[in-house]
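The values are calculated or read from the model by the stated rules, or taken from the named source; none is laboratory data. Here the structure is a predicted model, which means the values were calculated and not measured. So basically every Cβ, Gly included, is an ideal-geometry build from the backbone, and we count neighbours across all protein chains shown. These area figures cover heavy atoms from the full protein model, side chains too; ligands, DNA and RNA do not enter into them. Shrake-Rupley method; radii C 1.70, N 1.55, O 1.52, S 1.80 Å.
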Amino acid sequence: MRCNYACGSHESLTRRSFIGGSAAGALSMLGFGGMTQVQAAKKLAAQQKQVVVFWLSGGVSQLETWDPKPGTETGGPFQAINTSAPGVQISELLPYTAQQMHHLALVRGINTKENNHGKGAYIMQTGRKEQPGFAYPYLGSSFSSHLSPADSPLPGYISVGAGGSSKEATFLGPRHAPLVLSGGKAPANLEMHSSMTAERDALRRSLRSKVSQRFEQKRKTAHTEVYNESFDQAAALMSRRDIFDFSHFSDKDVERYGKHDFGQHCLMARQLIEKGVTFVKVGHTNYDTHSENFNFHIEQLGEFDRPFAMFISDLSDRGLLEHTLIICMCEFGRTPRINSRIGRDHWGTAWSIAVGGTGIKGGAVSGKTNETGTKVIDREVNGGHLFHTYYQAVGLDSTEEFYPNGQPIAKADPKTEAITEILA
């Protein structure tokens with residue numbers, strides 16, 4: 001995906017996807033079809049956690065979403081409205097989300113000190129600043145490696161309308177790289193050719209395995225391991241291609257979510273979570289509003305608000321929110337100062353995100369900015385704090401380490417800690 005932004009930068013994401021492992025062979029073993037959705041969800045909750053990230057590419061304005069400042073010189077034309085969480089107000093541009101705030105918590109004290117698209121995105125998706133010569137795994141790949149059953153035929157990390165790159169998995173390997181659903185469509189070639197019988201397919205797989213084993217005995221390399229693992233995962237995924245059948249949404253659901261791409265992507269994400277995929281990333285773009293900030297936010301948030309709220313509501317009704325962490329974030333916020341083009345520029349100094357679901361205290365608020373939103377005046381946090389919080393919300397020890405090549409690498413920045421006031 002390539003988006004030309006007003007600032008002259010661009011977002012370039014590789015469309016090459018790798019087949020990964022995910023978390024839901026358990027659904028079929030639990031007899032999902034024979035139980036109600038809520039019963040299945042509760043049984044599943046005891047075994048796994050899942051994560052959904054809504055990535056608002058370009059940098060949505062905190063002042064038009066989670067931290068409005070009406071009536072101030074920086075506040076803009078929109079008012080703050082009450083929500084289902086007592087005492088918590090958000091922008092009037094999010095009326096449907098306001099009804100779901102009892103499921104969400106707000107982090108209003110973020111300061112990443114980064115105003116560059118790429119670097120800001122890296123911080124928010126790895127919890128660290130870029131380091132020369134070393135790459136940290138992205139959030140989706142990390143959760144795939146921690147939460148996905150090793151024998152699952154499903155990808156552990158699926159990106160819907162948000163792009164993705166094999167590089168996100170780094171040392172975790174291709175199993176945990178994102179499977180990208182380009183254009184919101186199922187991967188190609190999930191079915192065998194009509195001329196291929198099951199017996200013939202079994203024979204060719206057996207031959208490939210023998211040849212591969214013979215090659216590995218003489219010259220085993222990382223490339224052969226990657227190839228073999230990707231092949232095996234692709235073959236396994238073909239047996240569960242039902243997760244990508246998005247043709248059965250009811251007319252009512254399509255109407256509720258909206259017929260635009262983002263609404264349909266949210267419906268797809270709901271199905272992927274219902275089927276047991278560990279990590280789903282959903283993208284919504286064009287928030288880089290250097291000009292006409294208010295008009296663009298009316299349009300963009302008008303499209304975002306209802307399907308996002310419907311997704312939260314549906315997961316709650318189905319019992320899925322009990323074990324699903326929801327994160328709504330971007331690479332940075334927007335400047336409180338309104339520029340000469342009626343726009344807001346890049347702002348990593350004082351901004352907000354929303355989180356909810358499993359492990360999160362609904363209705364909680366952490367952090368505070370001053371009356372004009374120009375700086376954090378209480379509970380300043382950065383990407384490291386957020387990663388500790390995400391890990392702990394799904395029951396993982398955020399102080400443990402990865403061991404690539406036998407070298408310990410902290411999963412989350414050891415100089416930071418979790419935002420405990422929003423953890424349940």
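For the stretch 356-374, does any single residue satisfy the condition of being of a type in the set (Asp, Glu) and farther than 22 Å from residue 301 by Cα? Within the stretch 356-374, one or more residues are of a type in the set (Asp, Glu) and farther than 22 Å from residue 301 by Cα. In the stretch 277-294, the residues that are of a type in the set (A, V, I, L, M) reach residues that are in a loop (DSSP other than H, G, I, E, B) and open to solvent by less than 10 Å² (accessible area, probe 1.4 Å) with C-beta atoms within less than 7 angstrom, at least six apart or across chains, in these pairs: 277/22; 277/23; 277/24; 277/154; 277/155; 282/162.
If you go through the stretch 68-78 and pick out every residue that is closer than 19 Å to residue 365 by Cα and either touching a Pro at 6+ places or on another chain (Cβ under 8 Å) or open to solvent by less than 10 Å² (accessible area, probe 1.4 Å) (or both), you end up with 1.
Specify the residue that is nearest to residue 407 (Cα to Cα); the eligible residues are those in the stretch 127-151 that are hydroxyl-bearing (Ser, Thr, Tyr) and surrounded by 24 or more Cβ atoms within 10 Å (Cβ to Cβ). This residue is 136. Of all the residues in the stretch 379-393, those that are surrounded by fewer than 22 Cβ atoms within 10 Å (Cβ to Cβ) and part of a loop (DSSP other than H, G, I, E, B) number 2.
Tallying residues that are basic (Lys, Arg) and closer than 27 Å to residue 314 by Cβ within the stretch 338-395 yields 1. Tallying residues that are at pLDDT below 95 and surrounded by 23 or more Cβ atoms within 10 Å (Cβ to Cβ) within the stretch 394-413 yields 0. Counting only strands (runs of 3 or more DSSP E) that fall entirely inside the stretch 100-185 and contain at least 1 residues that are more than 14 Å from the chain's Cα centre (by Cα), the qualifying elements are 104-110.
Being modelled with pLDDT of 70 or more, within 24 Å of the chain's Cα centre (by Cα) and not in a helix (DSSP H, G or I), is that true of even one residue in the stretch 224-244? No, there is no match, as no residue in the stretch 224-244 is modelled with pLDDT of 70 or more, within 24 Å of the chain's Cα centre (by Cα) and not in a helix (DSSP H, G or I).
Residues checked against (1) under 17 Å from residue 325 (Cα atoms); (2) hydroxyl-bearing (Ser, Thr, Tyr); (3) in contact with a helix residue (DSSP H, G or I) (Cβ under 9 Å, 6 or more places away or on another chain); (4) modelled with pLDDT under 95:
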position: 362; (1), (2), (3), (4): yes, no, yes, no
position: 370; (1), (2), (3), (4): no, no, no, no
position: 375; (1), (2), (3), (4): no, no, no, no
position: 387; (1), (2), (3), (4): yes, no, yes, no
position: 391; (1), (2), (3), (4): yes, yes, yes, no
position: 423; (1), (2), (3), (4): yes, no, yes, no
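Taking the stretch 383-419 as the range and being among the aromatic types (Phe, Trp, Tyr) and more than 22 Å from residue 365 (Cα to Cα) as the test, the residues that pass are 402, 403. Scanning the stretch 306-338 for residues that are β-branched (Val, Ile, Thr) and part of a strand (DSSP E or B) yields a total of 3.
Within the stretch 248-278, restricting attention to residues that are buried (at least 23 other Cβ atoms within 10 Å of the Cβ) and part of a loop (DSSP other than H, G, I, E, B), which residue is farthest from the chain's Cα centre (by Cα)? That would be 276.
Is it the case that residue 159 is within 21 Å of residue 395 (Cα to Cα), among the hydroxyl-bearing types (Ser, Thr, Tyr) and open to solvent by less than 40 Å² (accessible area, probe 1.4 Å)?
For residue 159, the condition - within 21 Å of residue 395 (Cα to Cα), among the hydroxyl-bearing types (Ser, Thr, Tyr) and open to solvent by less than 40 Å² (accessible area, probe 1.4 Å) - is not met.
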